[in-house]
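See below for the structure under consideration.
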Amino acid sequence: MHNIINYFLNDQNGLTSLGLAVVILLTVFVLDRVYIVVMNILLKQSAKSKNIWDDFFIFALKSPIRVLAWYCVLIYLFAFTPDWLQSHFSVRFTVIAREAGIVVALVWACLRFISRAETYGLDHWSGSRRGQNLDKASIRAIAKFSRIIVIILGVIMILQVINIPLSGILAFGSIGGVAFAFASKDMVANFFGGLLIYFDRPFSVGDWIASPDKQIEGTVEKIGWRLTRIRTFDKRPLYVPNAIFPNIAVQNPSRMLNRRIKVIVGIRYCDVSRIESILTAMSVMLQEHPEIDQKQTLFVNLQDLGPSSLEILVYTFTKTTQWVKYQGIREDVLLRLLRIVEAHGGQCAFPTTTLDFSEERIDIQNSEIRHGE
């Protein structure tokens, strides 16, 4: 460090090099300020246009070009350092450093472009008319795949820059591939399970799912490459490996079109003369109910002659699928059914047991009671 300071302060060539370096740095600093102003103007102008891709393109290039410019300037200024310092680094090293920096900047710009497009897609395309075939999970999946491809291509380009042959890497991979496959088979299974979730889309983030095969039920919070995080109804996080989902049945109540009301109303046998009018009144009530979907199956029938009641089956569907609102509608329907039974002079039945004793048995019991007294 002391030798470098002496070179720039005491040597004539060092002073000249230092002066040129300062001039170059000041010039680049001024150009950097101008570049920032110009890019901000371009961003404002592109925001006014209907084409969204120019916004993504300018945003993606803004920071990488700026950092790459400073990086290349620093590499160029290396030529002004003392000869003994430059001798430690070959010309090939500076060329590799510059080309690798360009590749890194290009990969960075592509990743920024993907991130900006993903953010825009999640805000504007998912659920909209333009993106009616896309949901948030699909947009995230496309973004993740794009990032993986960009990173892989970037690594390959850097390997080519530093003259590392791909054939050697592939040969090494073939040797260790078997061992790696055994060690990572679960990880690979989870990865492809995640792919199937993204492609088949049995559920998305925010859906309520359940599995009759496993004790899985809750709201999907995140679909990762290895795990899917589900928030159960008691607010506990449940982490499920993606490899499980292709092998189990998954219910998605969030995608139901209606909620069903299926209830059996028991009427006393002594109200058999009123049963027809009760059935008619119940059916009319459901047909006139504003929250009942008349396009779906709706019927009220005497279903069975139970042990202690006439069993009326009420079967219909609500318009809403929201759980809380459905509970309110179900309660209202049940109360109306009870009022109809009461209005027609009937009563709801409940299980009863009748004990029949012979008169002789009753006399014996009464005699035993009197003698006991």
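Where a number appears in this text, it was derived from the coordinates with a stated rule and is not lab data. Just so it is clear, the structure is predicted and the values come from calculations on it, not from any experiment. All Cβ positions, even for glycine, are placed from backbone atoms using ideal geometry, and neighbour counts span all protein chains on display.
Below are the figures for this structure:
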{"item": "Hypothetical label at residue 191: residues of segment 214-252 whose amide nitrogen lies under 11 Å (7 Å Cα-Cβ projection)", "result": "226"}
{"item": "Cα-Cα P(r), segment 201-254, percent of pairs per 5 Å interval", "result": "4, 22, 36, 30, 7, 0"}
{"item": "Karplus 3J(HN,Hα) series, Hz, for segment 95-106 with 6.51 cos²θ - 1.76 cosθ + 1.60 (x for Gly, Pro)", "result": "5, 4, 4, 5, 5, 5, x, 5, 5, 4, 5, 5"}
{"item": "Cβ-derived FRET efficiency at R0 51 Å, residue 273 paired with residue 251, nearest 0.05", "result": "0.70"}
{"item": "Spacing of the two label points (7 Å from each Cα toward its C-beta) at residue 226 and residue 283, in nm", "result": "6.1"}
{"item": "Chymotrypsin sites (Phe, Trp or Tyr not before Pro) within segment 206-273: DSSP coil, no more than 12 neighbouring Cβ in 10 Å", "result": "233"}
{"item": "Residue 100 paired with residue 262, simple spin-label distance in nm, labels 7 Å along Cα-to-beta-carbon", "result": "6.7"}
{"item": "Between segment 219-273 and segment 184-212, the Cα center-to-center distance that results, in Å", "result": "17"}
{"item": "Part-to-part distance (alpha-carbon centres) for segment 23-37 and segment 319-352, which is given in Å", "result": "77"}
{"item": "Residues 146, 63, 273 arranged by fewest to most Cβ contacts within 10 Å", "result": "273, 63, 146"}
{"item": "Per-pair calculated FRET efficiency, R0 = 35 Å: residue 201 and residue 162 via Cβ, rounded to 0.05", "result": "0.25"}
{"item": "Per-residue HN-Hα couplings for segment 235-240 [Karplus 6.51, -1.76, 1.60; θ = phi - 60°; Hz; x = Gly/Pro]", "result": "6, 9, x, 10, 9, 10"}
{"item": "Chain lengthening between residue 343 and residue 70 when straightened (0.36 nm per residue, less Cα-Cα)", "result": "89.6 nm"}
{"item": "Amide H contacts of residue 306 (H built 1.01 Å from N, under 5 Å, at least 5 apart or other chain)", "result": "311"}
{"item": "Neighbour-count ranking [beta-carbon atoms within 10 angstrom, fewest first] of 113, 350, 192", "result": "350, 192, 113"}
{"item": "For segment 256-343, convex hull of alpha carbons as volume per residue, Å³", "result": "92"}
